[in-house]
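K.L.:
Below: one structure in structure tokens.
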Amino acid sequence: MTRHTDGSAGDADYGRIGDGYARYRRPEPRIAARIRQALGGARTVLNVGAGAGSYEPTDLQLTAVEPSAAMRAQRPRHLPPAIDAVAEALPFADGTFDAAMASFTVHQWRDLRAGLAELRRVTRGPVVVLSCDPDALDRFWLAEYAPEALAVEARRYPRIETLVEGLGGAVRVEDVPIPLDCSDGFGEAYYGRPEMLLDRAARLACSAWSFVEPAVVERFERSLGEDLRSGRWDARHGVLRTQAEFDGSLRLIVANG
């Protein structure tokens, strides 16, 4: 399997774009609570594609796997160091863990089916995946300003049906509402804070933007900036600035063992 210089195993090179990731992609407590609940009574948990450690429960015995050195270096000291490995070849025996989790990572895996099979192989109980439904991305106003960015996301995120099939067994899919003050800066988290998407570092914490042509980015910055200054954005979408939650593309897929 070909990996980037820093070890990143997916299509995004986190050695190039990941330096500020932990500053913008901080775990959202309300989403974390949903994940913790889905893990049930597990004591040992595997987090695959762990990144900088978002959503890792601190009250459980956790093992983290992350191929990117840049991301491993951003893990806070209170979390265990991550093992350098990839989802498709987990270095653990069958049934090692009570539960497993994977948040905002399955779209990075080179072989999704192999990765999901590995999660199931090493896990006795539930497997919990946080991802986005590519069919629901166009609910976000970004579709008006940078449809190319959402097209990139739609190509990269696996369909929910594919995840359900790959995990097998009894699987439930939960819609996860996004709070207005969401601390995890994935794209839709800024549904009511459009100014944040004019921050280049905030955008790069969403890997899809690293695949968007510079001309598209320039057009997006110009058009959104003009609409914010003129009030056009608020005339169309201003209600979102005070809307407590946004029902976007975020989904929690829970496969019981």
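K.L.:
Given the residues L112, L130, L116, which is the only one that is touching a Pro at 6+ places or on another chain (Cβ under 8 Å), of a type outside the set (S, T, N, Q) and closer than 18 Å to V171 by Cβ?
P.N.:
Answer to the check: L112.
K.L.:
On the given criteria, is V106 without any contact (Cβ under 8 Å) to a residue 60 or more places away in the chain and of a type in the set (A, V, I, L, M, F, W, C)?
P.N.:
Criteria met by V106.
K.L.:
Name the pairs: first residue in segment 121-135 and polar (S, T, N, Q), second residue part of a strand (DSSP E or B), Cβ to Cβ under 7 Å, at least 6 apart or on different chains?
P.N.:
Note: pairs meeting the criteria are T123/L46; T123/F97; T123/A99; T123/A100; S131/R251; S131/I253.
K.L.:
What do you reckon, is L240 part of a helix (DSSP H, G or I), touching a helix residue (DSSP H, G or I) at 6+ places or on another chain (Cβ under 7 Å) and among the hydrophobic types (A, V, I, L, M, F, W, C)?
P.N.:
Criteria not met by L240.
Let's see how each residue does on (1) closer than 21 Å to I253 by Cβ; (2) not in a loop (DSSP other than H, G, I, E, B):
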{"site": "G40", "(1), (2)": "yes, no"}
{"site": "N47", "(1), (2)": "yes, yes"}
{"site": "A50", "(1), (2)": "yes, no"}
{"site": "S54", "(1), (2)": "yes, no"}
{"site": "A64", "(1), (2)": "yes, yes"}
{"site": "P76", "(1), (2)": "no, no"}
{"site": "L79", "(1), (2)": "no, no"}
{"site": "E88", "(1), (2)": "yes, yes"}
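K.L.:
Would you check if V48 is farther than 30 Å from G238 by Cα, modelled with pLDDT of 95 or more, touching a helix residue (DSSP H, G or I) at 6+ places or on another chain (Cβ under 7 Å) and not polar (S, T, N, Q)?
P.N.:
When the stated conditions are applied, V48 passes them.
K.L.:
Another one. Which count do you get for residues in segment 171-198 that are over 24 Å from L112 (Cα atoms), exposed (fewer than 15 other Cβ atoms within 10 Å of the Cβ) and either in contact with a His (Cβ under 8 Å, 6 or more places away or on another chain) or acidic (D, E) (or both)?
P.N.:
Number of matching residues: 2.
K.L.:
Provide a single number: the residues in segment 199-244 that are among the charged types (D, E, K, R) and buried (at least 18 other Cβ atoms within 10 Å of the Cβ).
P.N.:
Adding up the residues that qualify gives 2.
K.L.:
Next question, about the same structure. Search segment 71-97 for residues that are among the β-branched types (V, I, T) and pair each with any residue that is part of a loop (DSSP other than H, G, I, E, B) when their beta-carbon atoms are under 6 Å apart and the residues are at least 6 apart or on different chains.
P.N.:
Once the first residue is among the β-branched types (V, I, T) and sits in segment 71-97, its partners that are part of a loop (DSSP other than H, G, I, E, B) give V86/A9; V86/P67.
K.L.:
Any chance you could count how many residues in segment 58-94 are farther than 20 Å from R23 by Cα, touching a Pro at 6+ places or on another chain (Cβ under 8 Å) and aliphatic (A, V, I, L, M)?
P.N.:
Summing the residues that are farther than 20 Å from R23 by Cα, touching a Pro at 6+ places or on another chain (Cβ under 8 Å) and aliphatic (A, V, I, L, M) in segment 58-94 gives 4.
K.L.:
Return only the number of the condition from (1) in contact with a helix residue (DSSP H, G or I) (Cβ under 7 Å, 6 or more places away or on another chain); (2) under 13 Å from V48 (Cβ atoms); (3) surrounded by fewer than 20 Cβ atoms within 10 Å (Cβ to Cβ); (4) of a type outside the set (F, W, Y) that A85 does not satisfy.
P.N.:
Only one criterion is unmet by A85, namely (1).
K.L.:
Tell me whether segment 149-159 contains one or more residues that are modelled with pLDDT of 95 or more, over 17 Å from the mean Cα position of the chain (by Cα) and of a type outside the set (F, W, Y).
P.N.:
Scanning segment 149-159 turns up no residue that is modelled with pLDDT of 95 or more, over 17 Å from the mean Cα position of the chain (by Cα) and of a type outside the set (F, W, Y).
K.L.:
So which residues in segment 145-183 are charged (D, E, K, R), free of Cβ contacts under 8 Å to residues at least 24 places away in the same chain and closer than 26 Å to V217 by Cα?
P.N.:
Passing the criteria: R155, D181.
K.L.:
Now, a different point. Quick one: G168 ticks every box in (1) small (G, A, S); (2) within 18 Å of R236 (Cα to Cα); (3) surrounded by fewer than 16 Cβ atoms within 10 Å (Cβ to Cβ) except a single one, so which number is it?
P.N.:
Of everything listed in (1) small (G, A, S); (2) within 18 Å of R236 (Cα to Cα); (3) surrounded by fewer than 16 Cβ atoms within 10 Å (Cβ to Cβ), G168 misses just condition (2).
K.L.:
A further question follows. Report, by residue number, each residue of segment 123-146 that is farther than 25 Å from P179 by Cβ and surrounded by fewer than 21 Cβ atoms within 10 Å (Cβ to Cβ).
P.N.:
R124, G125, listed by residue number.
The values are calculated or read from the model by the stated rules, or taken from the named source; none is laboratory data. All values reported here derive from a predicted model rather than from experimental measurement. Virtual Cβ from ideal backbone geometry, glycine too; neighbours counted across all protein chains shown.
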